[in-house]
1. Could you list all residues from the range B:1-51 that are over 26 Å from A:Arg108 (Cβ atoms), assigned to a loop (DSSP other than H, G, I, E, B) and either among the aliphatic types (A, V, I, L, M) or open to solvent by 80 Å² or more (accessible area, probe 1.4 Å) (or both)?
2. The conditions are (1) within 20 Å of B:Val19 (Cα to Cα); (2) in contact (Cβ under 8 Å) with a residue 12 or more places away in the chain, and B:Ile92 fails exactly one of them. Which is it?
3. If A:Leu45 passes every condition in (1) in a loop (DSSP other than H, G, I, E, B); (2) open to solvent by less than 20 Å² (accessible area, probe 1.4 Å) but one, which one does it miss?
4. Against the definition (of a type in the set (Val, Ile, Thr), open to solvent by less than 50 Å² (accessible area, probe 1.4 Å) and under 30 Å from B:Ala29 (Cα atoms)), how does A:Thr102 come out, yes or no?
5. In contact (Cβ under 8 Å) with a residue 60 or more places away in the chain and closer than 19 Å to B:Asp7 by Cα: which single residue out of B:Gln69, B:Gln38 fits that description?
6. Condition first: at positive phi, open to solvent by less than 40 Å² (accessible area, probe 1.4 Å), without any contact (Cβ under 8 Å) to a residue 40 or more places away in the chain and not in a strand (DSSP E or B). Can you find one or more residues in the range B:52-61 that meet it?
7. Of the conditions (1) in a strand (DSSP E or B); (2) of a type outside the set (A, V, I, L, M, F, W, C); (3) open to solvent by 50 Å² or more (accessible area, probe 1.4 Å), A:Gly40 fails just one. Which one is it?
8. Report yes if some residue within the range A:50-71 is touching a Ser or Thr at 6+ places or on another chain (Cβ under 7 Å), in a strand (DSSP E or B) and loosely packed, with under 15 Cβ neighbours inside 10 Å; otherwise report no.
Amino acid sequence: DVKVTQSSRYLVKRTGEKVFLECVQDMDHENMFWYRQDPGLGLRLIYFSYDVKMKEKGDIPEGYSVSREKKERFSLILESASTNQTSMYLCASSVGQDYGYTFGSGTRLTVV
Amino acid sequence: RKEVEQDPGPFNVPEGATVAFNCTYSNSASQSFFWYRQDCRKEPKLLMSVYSSGNEDGRFTAQLNRASQYISLLIRDSKLSDSATYLCVVTILTGGGNKLTFGTGTQLKVEL
């Protein structure tokens, strides 16, 4: 089975901190994605990547950036954390654009 | 209008009942369709893909109506373990390729 591992299950950060969320997948998937999930809003796509060093903005990229230096790792960066970025962050990978995704177990980030 | 719309529920049904969920999507160019299941405080997991001819996986049947732009999921002989949130997912064509867009989910509670 594909495994998608997110480095932290829970994080608490202060407003203004730079935050790194790490995601690693072990199945050589080309495609990786970062979503955030909030009650009543569902999953919203922040950024995605179809190849190393390639990135595309999703629906809500403001306040975030990403890095994909290696195929297996896709990092989400909050340049200056704000309280409205408190959320559940989910990383996913897939073998192709029209295939289902495998998600990591999520990082619940609280910004205080 | 949301790209993918679902009735949030909750649907409270007795064990053994048959329950159906519908989902509508707005982009007629959507190409791939899925149902995901998400347990409380867990990541979404792929339940099944949805094909134009309809498809079945055990107690679960998925249907696609392209003309009316809706997808359905039928669960027969409901089990307590079916209690979860069911997410309808479609691919949307973007400039960067296809991306999955998630509905906000329908909550199912199966009771004794």
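The values are calculated or read from the model by the stated rules, or taken from the named source; none is laboratory data. Since this is a predicted model, take the numbers as computed values, not measurements. Every residue, glycine among them, receives a Cβ derived from its backbone with ideal geometry; neighbour counts consider all protein chains shown. SASA here: full protein model, heavy atoms, side chains in, ligands and nucleic acids out. Shrake-Rupley method; radii C 1.70, N 1.55, O 1.52, S 1.80 Å.
1. B:Arg1, B:Asp7, B:Glu15, B:Ala17, B:Thr18, B:Ser28, B:Ala29, B:Gln31, B:Tyr51 - these are the residues of the range B:1-51 that are over 26 Å from A:Arg108 (Cβ atoms), assigned to a loop (DSSP other than H, G, I, E, B) and either among the aliphatic types (A, V, I, L, M) or open to solvent by 80 Å² or more (accessible area, probe 1.4 Å) (or both).
2. (1)
3. So the condition that A:Leu45 fails would be (1).
4. Against the criterion (of a type in the set (Val, Ile, Thr), open to solvent by less than 50 Å² (accessible area, probe 1.4 Å) and under 30 Å from B:Ala29 (Cα atoms)), A:Thr102 qualifies.
5. B:Gln38
6. yes
7. Unmet condition: (1).
8. The answer is no, given that none of the residues of the range A:50-71 is touching a Ser or Thr at 6+ places or on another chain (Cβ under 7 Å), in a strand (DSSP E or B) and loosely packed, with under 15 Cβ neighbours inside 10 Å.
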